[in-house]
Structures are given as C-alpha cells and as structure tokens.
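Engineer: Just passing along the structure, written as structure tokens.
The values are calculated or read from the model by the stated rules, or taken from the named source; none is laboratory data. Remember, predicted model here, so these are calculated numbers, not experimental data. For neighbour counting, all protein chains shown are included, and Cβ atoms are generated from backbone atoms with ideal geometry for every residue, glycine included. Accessible surface areas use protein heavy atoms only, side chains included; no ligands, DNA or RNA. Shrake-Rupley method; radii C 1.70, N 1.55, O 1.52, S 1.80 Å.
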Amino acid sequence: RLTTQTYPDPEPLPEQVTVSYNSQGAGLPSRLTSNVTGNPYPVYSADYNGRGQLTNLQQGTGPTYNNLLITNYSYDDQTTKRGWLIGTTVQANGAPNPYLNLSQTYYANGNVQTVNQTAGTYGLPTFTNTYAYDGLDRLRSATSTGGLFPQETYAYDTLGRTYTRTLGLNTYAY
C-alpha cells in the first residue's frame, strides 16, 4: 500500500507526503504528513466507524495550534441503519460556531430528499434544498430556500435521456 508520495516540485526539496494507517481491519489512512517545514498536516487524524466510514477528519498541525479544521460525519445508524450520511459539520479548532452544518434526509429507496445547511454564522448562507424524482428514480426537480440556488427541473424522452433542463429562467435542450 502507499506509504509515501513525492510530488514534482521545482524547489530543491520536493514535497513528500507520508501516509499512516490505523489498525482497523484493512488499515485505513489515519494521518498524512508533509516534509515541508511550516506546512500544516494535510490530515492530522482520521477516525472511522465499524463500517469503515469516515466519522472525524482533522486537518492542520494539531489541537495545540489555531489552524485545525475539524469535520465530523454522522450516519443513520440509529434509524434505517443503511449507512447513509445524514450530517456533516465543519468547525475550526476553538471556534464557537461551525462553518458548515449540513443534514440530509432520504426517501426509502435511498434518493436524497433534502439537504439542509443551518450554520448561518460568519455571514454564511443557510438553505434547504429539496429534490423530487420520477418513478424511474430520475431527478425531476430541485428547489432551494434562501435564494442561493435557482429552481431546476428536468424532462426526459422516451429512451430515458435528458431532454430539457430548466435552470431558473433558462431552459436548455439536449
């Protein structure tokens, strides 16, 4: 398995990134370190659940520095237990509020129903995107609150190919 990657670089000392692995099952990547002095770690640490899904990702030099970005992922282990991603939060080390707080819901067949972004601090937008599908699980429409994204609709021909896409006030034919 990959342990070191050297990147082409015109500098006298090219950057090398070293991969460390955890002891879980197949050994998943747990840390990426760089030989470039002063650079934060590309990945300080990564944690996984029993399925091997990423649950926590820390990027930066470490908890004692003010450059750590922490991403947490949550899955539907308490409800359908299908391993679907239901939440993502991103927060800086020591920051009082998250930069990103996404939650997802799904239809019973696994199609995404909604994506909701509620972290509105730091001037970041909040929104809820809602998706609808036809009987063949093709995306028919996507709507959004918060004015960030225009409404989208899709139409398909009898062979299942995208026929038109309407994005806001513009319609595109294929």
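Every residue, every condition in (1) of a type outside the set (Gly, Ala, Ser); (2) in contact with a Phe, Trp or Tyr (Cβ under 7 Å, 6 or more places away or on another chain), yes or no:
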residue	(1), (2)
Val17	yes, no
Ser20	no, no
Arg31	yes, yes
Asn35	yes, no
Pro42	yes, no
Thr55	yes, yes
Gly60	no, yes
Pro63	yes, no
Ser74	no, no
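Engineer: Just give me the residues in the range 108-145 being small (Gly, Ala, Ser), in a loop (DSSP other than H, G, I, E, B) and surrounded by 13 or more Cβ atoms within 10 Å (Cβ to Cβ), in sequence order.
Structural biologist: Residues satisfying the conditions are Ala119, Gly120.
Engineer: Take Thr71 and tell me if it is at pLDDT 95 or above and crowded, with 17+ Cβ neighbours inside 10 Å. Step through it out loud before you land on a result.
Structural biologist: Details: at pLDDT 95 or above: yes; crowded, with 17+ Cβ neighbours inside 10 Å: yes.
Considered against the rule, which asks whether it is at pLDDT 95 or above and crowded, with 17+ Cβ neighbours inside 10 Å, Thr71 comes out as yes.
Engineer: For Gly83, which of the numbered conditions (1) loosely packed, with under 15 Cβ neighbours inside 10 Å; (2) in a strand (DSSP E or B) fails to hold?
Structural biologist: Gly83 satisfies all of (1) loosely packed, with under 15 Cβ neighbours inside 10 Å; (2) in a strand (DSSP E or B) except (2).
Engineer: Could you tell me whether Ser20 is more than 21 Å from the chain's Cα centre (by Cα) and either open to solvent by less than 60 Å² (accessible area, probe 1.4 Å) or modelled with pLDDT of 90 or more (or both)?
Structural biologist: On the way: more than 21 Å from the chain's Cα centre (by Cα): yes; either open to solvent by less than 60 Å² (accessible area, probe 1.4 Å) or modelled with pLDDT of 90 or more (or both): yes.
In short, yes.
Engineer: When you go through (1) among the polar types (S, T, N, Q); (2) over 30 Å from Thr18 (Cβ atoms); (3) exposed (fewer than 13 other Cβ atoms within 10 Å of the Cβ) one by one for Thr37, which number turns out not to apply?
Structural biologist: Result: Thr37 fails condition (2) only.
Engineer: I would also like to ask the following. If you check Pro96 against the conditions, is it open to solvent by 50 Å² or more (accessible area, probe 1.4 Å), in a loop (DSSP other than H, G, I, E, B) and touching a Gly at 6+ places or on another chain (Cβ under 7 Å)?
Structural biologist: Numbers: open to solvent by 50 Å² or more (accessible area, probe 1.4 Å): yes; in a loop (DSSP other than H, G, I, E, B): yes; touching a Gly at 6+ places or on another chain (Cβ under 7 Å): no.
Answer is no for this residue.
Engineer: Give all pairs with beta carbons closer than 9 Å in which a residue from the range 6-24 that is free of Cβ contacts under 8 Å to residues at least 24 places away in the same chain and under 17 Å from Leu57 (Cα atoms) meets a residue that is hydrophobic (A, V, I, L, M, F, W, C) and part of a loop (DSSP other than H, G, I, E, B); count only pairs at least 6 apart in sequence or on separate chains.
Structural biologist: That search, which allows pairs on different chains as well, returns Val19/Leu2; Tyr21/Leu28.
Engineer: Being of a type in the set (S, T, N, Q), open to solvent by 70 Å² or more (accessible area, probe 1.4 Å) and either assigned to a strand (DSSP E or B) or in contact (Cβ under 8 Å) with a residue 24 or more places away in the chain (or both) is the filter here, so list the residues in the range 146-174 that pass it. Spell out the reasoning first.
Structural biologist: Of all residues in the range 146-174, those of a type in the set (S, T, N, Q) come to 151, 153, 158, 162, 164, 166, 170-171.
Checking which are open to solvent by 70 Å² or more (accessible area, probe 1.4 Å) leaves us with 151, 158, 170-171.
Within the range 146-174, Asn170, Thr171 meet the criteria.
Engineer: Let me ask something else about it. Out of all the residues in the range 40-61, which are open to solvent by less than 50 Å² (accessible area, probe 1.4 Å) and of a type in the set (S, T, N, Q)?
Structural biologist: Ser45, Asn49, Gln53, Thr55, Asn56, Gln58, Thr61
Engineer: For residues in the range 25-34 being of a type in the set (A, V, I, L, M, F, W, C) and surrounded by 12 or more Cβ atoms within 10 Å (Cβ to Cβ), which is nearest to Pro14 (Cα to Cα)?
Structural biologist: Our first condition is that a residue be of a type in the set (A, V, I, L, M, F, W, C); within the range 25-34, this holds for 26, 28, 32.
After this cut, where a residue has to be surrounded by 12 or more Cβ atoms within 10 Å (Cβ to Cβ) as well, the list is 28, 32.
Values: Leu28: 26, Leu32: 16 Å.
Residue satisfying both the conditions and the ranking: Leu32.
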